[in-house]
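All of the numbers you see were taken from the coordinates with simple rules; none came from a lab. Just so we're clear, the structure is a prediction, and the values are computed from it rather than from any experiment. Note that we place each Cβ from the backbone using ideal geometry, even for glycine, and neighbour counts take in every protein chain shown.
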Amino acid sequence: MEPPEKRARSNSVDTATAWAVQAFENEGDVEVDVEGTTVRVHSLLLGLASPVFAALLRSGMQEGLQGKIELPGKSKDEFELFMSCLRPGSTKRVTEATVDILLPWFDHYEVSGLKVECEEILQSMPVTTARLFQAHKYNLQEQYSRCLKNIEPEEFVSQFEEFAKMPQVLQDLLPIVKEQAKYKELKTFIWAPGALYRRCH
């Protein structure tokens, strides 16, 4: 069990950090409207992290002229999680629990370094059809290649209707599945009862 004095110091640090973050945000020069709430952020921080936000803020559009950005259809909680990864000195990292939330944000706003971090997390997770489609959608080349090579032929067959909706994925996957099926068929033949006799005669 954590000693009371250590726990108190930890709580104190957390409180101080939360206060510092709040103070930092309160001095922001841009207002972001998301899910009916206005969040103040620093234009420099947004612009350095995201070329998409940078283009908005330096353009002659409303965002650049009025210092106000609207994010219709976006979640406030997701935006705050997104921003927590961008702040200077942040220790917030992408995890298995947050990668599916953050990847669309990093992709849409072209935060390339953190998008790479998402791909690294995904490469440590099990291969599924959903992960293959996700890698294709967000152009995660290494993860896409990994998923193509490791999708089981049985899963491909059972979800063929879903694959048929994505012709490029289907085109990329079919040759690999055929090779896997041939290999499994050969292996089954070699180790089947009596196969050794057939191979030797």
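Quick notes
- Over the range 126-190, relative contact order from alpha-carbon pairs under 8 Å, at least 6 apart, %: 30
- Nitroxide proxy distance, nm - points 7 Å out along Cα→Cβ at THR128 and ARG40: 4.2
- Residues with amide H under 5 Å from that of ARG40, placed H, sequence gap 5 or more: VAL32
- Backbone geometry of the range 108-121 corresponds, through the Karplus equation with coefficients 6.51, -1.76 and 1.60 at θ = phi - 60°, to 3J(HN,Hα) couplings of 4, 9, 6, 8, 5, x, 7, 5, 4, 4, 4, 5, 5, 5 Hz, x marking Gly and Pro.
- Computed label-point distance, nm, for sites GLU152 and GLN66 using a 7 Å Cα→Cβ extension: 5.4
- Around the amide H of LYS68, modelled in the peptide plane, lie the amide H atoms of GLU31, all under 5 Å away and 5 or more residues distant in sequence or on another chain.
- Residue-span extension gain [GLU120 to GLU142] - 0.36 nm each, minus C-alpha spacing: 7.0 nm
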